[in-house]
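Trainee: One structure, as structure tokens, below. Some questions next.
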Amino acid sequence: IVPTRMVLLLLLSLCLTLGSVQSQGSSQDAFIIQYLERRLVQMEERLSLCEQNTVSATQKTYDLSSEVRGYLSTLSSLRSEVKSQVDSVSVRVDRVERELEYLENKIPTQSNIEMEEALLEQQVKAVELEQLKKKAKSYAIYLDCSTALSQIKSLKIVKKSGDPNGCWFKDPSEGSNKVYLFSGFRNNTILEYKSLKSFTKTSTPPANEVQLPFHWQGTGHVIYNGFLYCHKADTPNEILKVDLLNGTVVDSTLLPGAGRLPVYSLNPNTYLDMAVDELGLWVIHADLEYGGNLVITKLDKVSLAVEYTWDTQCRSSDAEGAFLICGTLYVVYNTRYGGRSTVQCLYDIHDTIHSNESPVMFFPKRYTSHSSIHYHPGDKQLYAWDDGYQTIYKVETRSNAQVTSQ
């Protein structure tokens, strides 16, 4: 019985021991499982972060690759440009070397240089002598011209046409009877009539309508020997010489000091006033450097070169026009409301007549204003534009000595 109890006790003890061991094993397994689960979660988080870093690194690598490709493209372009410039410099260097070699072979000897200098000196002296002869000839012409204005005799209204402002005149060259009409302050159309008779007939159409490729400005134009001399519009002081046969510009020049002030204050749209007298072609303008007084310049009708310039004491304020007779400037004054025009100032380039010695000359009674006055040396008449009316004034002239003595 005792051994049996012993066995039973042993069995019972074994069972209890096994149960206790089994209970302890279950608790350890649960702990291990929880530990493994936590480790797995941490590994998943690390794997996710690693994937994000990999994507970011891949994008940066792609961006860097694109930027590098752009730099490579720019570098390739710069390399081509540098190569082209190097080739160009190489070509220029070769050309300079050839030119230097050519010049070295062409350098004259000292004797040839001395001969060329002597020849050049002779040519310069010949040109200077020719210029002196031309000046002497021109001064002789100036001295021979001694005509002066004594009075404005009569008035004839020829016609009324065009705008209230404009200019009209005959070509003063010898043998020409053509009459020209410029309407307005700015235009590019000139009406040409065969004669004064055809101009006065209203039923007769113009003989010719000249269309210019540019616009003229003001009312100070002249036509001389078939060439138009005018102020080009939208320029301060450019004078054009135009062949009327084909309307092409033959020559041009810029008049120094002109274009900043209207030549006559009562005609504010005219900055250059061309004129023709017995001595040739002139231009009148006002200069701020001389207090706004009028300046007259003699021009070469062929080349438009300035031959000489005279500063006058005649003011531009209250002036409406001017004209020249035999090298003497006569300035016409009026009021801004219109009135009787008078010649109150003159300037003689020969210095034989002075304003204080010449009486004021009145135009025939007509209380309006002139937008242009042009003298014709052949007809001894003034062609004026009088408030839209084309008007002719006959003038009486005498020698300078007679005018001075009076």
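Matching residues to (1) surrounded by 11 or more Cβ atoms within 10 Å (Cβ to Cβ); (2) within 30 Å of S195 (Cα to Cα); (3) modelled with pLDDT under 85; (4) not β-branched (V, I, T):
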| residue | (1), (2), (3), (4) |
| --- | --- |
| L64 | no, no, no, yes |
| S80 | no, no, yes, yes |
| D87 | no, no, yes, yes |
| L129 | no, no, yes, yes |
| I141 | yes, yes, yes, no |
| A148 | yes, yes, no, yes |
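Trainee: Next question, about the same structure. For region 229-248, what are the residues that are in contact with a Lys or Arg (Cβ under 8 Å, 6 or more places away or on another chain) and more than 18 Å from T297 (Cβ to Cβ)?
Mentor: Matches in region 229-248: A233 only.
Trainee: Cβ-Cβ below 8 Å, separation at least six or inter-chain, first residue in region 364-379 and touching a residue at least 60 places away in the same chain (Cβ under 8 Å) and more than 17 Å from G175 (Cα to Cα), second surrounded by fewer than 19 Cβ atoms within 10 Å (Cβ to Cβ) and of a type in the set (S, T, N, Q): which pairs?
Mentor: P364/S154
Trainee: Taking the residues in region 339-365 that are surrounded by 15 or more Cβ atoms within 10 Å (Cβ to Cβ) and at pLDDT below 85 as candidates, determine which candidate is farthest from P268 (Cα to Cα).
Mentor: T352
Trainee: If T335 satisfies all but one of (1) over 35 Å from the mean Cα position of the chain (by Cα); (2) farther than 30 Å from L191 by Cβ; (3) assigned to a loop (DSSP other than H, G, I, E, B), what's the number of the condition it fails?
Mentor: Every listed condition holds for T335 apart from (1).
Trainee: Could you go through region 267-288 and let me know if any residue there is surrounded by fewer than 19 Cβ atoms within 10 Å (Cβ to Cβ), outside any strand (DSSP E or B) and touching a strand residue (DSSP E or B) at 6+ places or on another chain (Cβ under 6 Å).
Mentor: No, region 267-288 contains no residue that is surrounded by fewer than 19 Cβ atoms within 10 Å (Cβ to Cβ), outside any strand (DSSP E or B) and touching a strand residue (DSSP E or B) at 6+ places or on another chain (Cβ under 6 Å).
Trainee: Can you tell me which residues in region 250-266 are within 21 Å of the chain's Cα centre (by Cα), part of a strand (DSSP E or B) and touching a residue at least 24 places away in the same chain (Cβ under 8 Å)?
Mentor: Residues satisfying the conditions are D251, S252, T253.
Trainee: Got a number for residues in region 170-188 being on the phi > 0 side of the Ramachandran plot and of a type in the set (A, V, I, L, M, F, W, C)?
Mentor: The total comes to 0.
Trainee: Sticking with this one: Mind checking which pairs have a first residue in region 284-310 that is within 19 Å of D348 (Cα to Cα) and a second that is of a type in the set (K, R), Cβ under 7 Å, 6 or more apart or different chains?
Mentor: G292/R315; N293/R315; E307/K298; Y308/K298
The values are calculated or read from the model by the stated rules, or taken from the named source; none is laboratory data. This one's a predicted model, so the numbers in the text were calculated from it and none came from an experiment. Backbone-built Cβ (ideal geometry, glycine too); neighbour counts: all protein chains shown.
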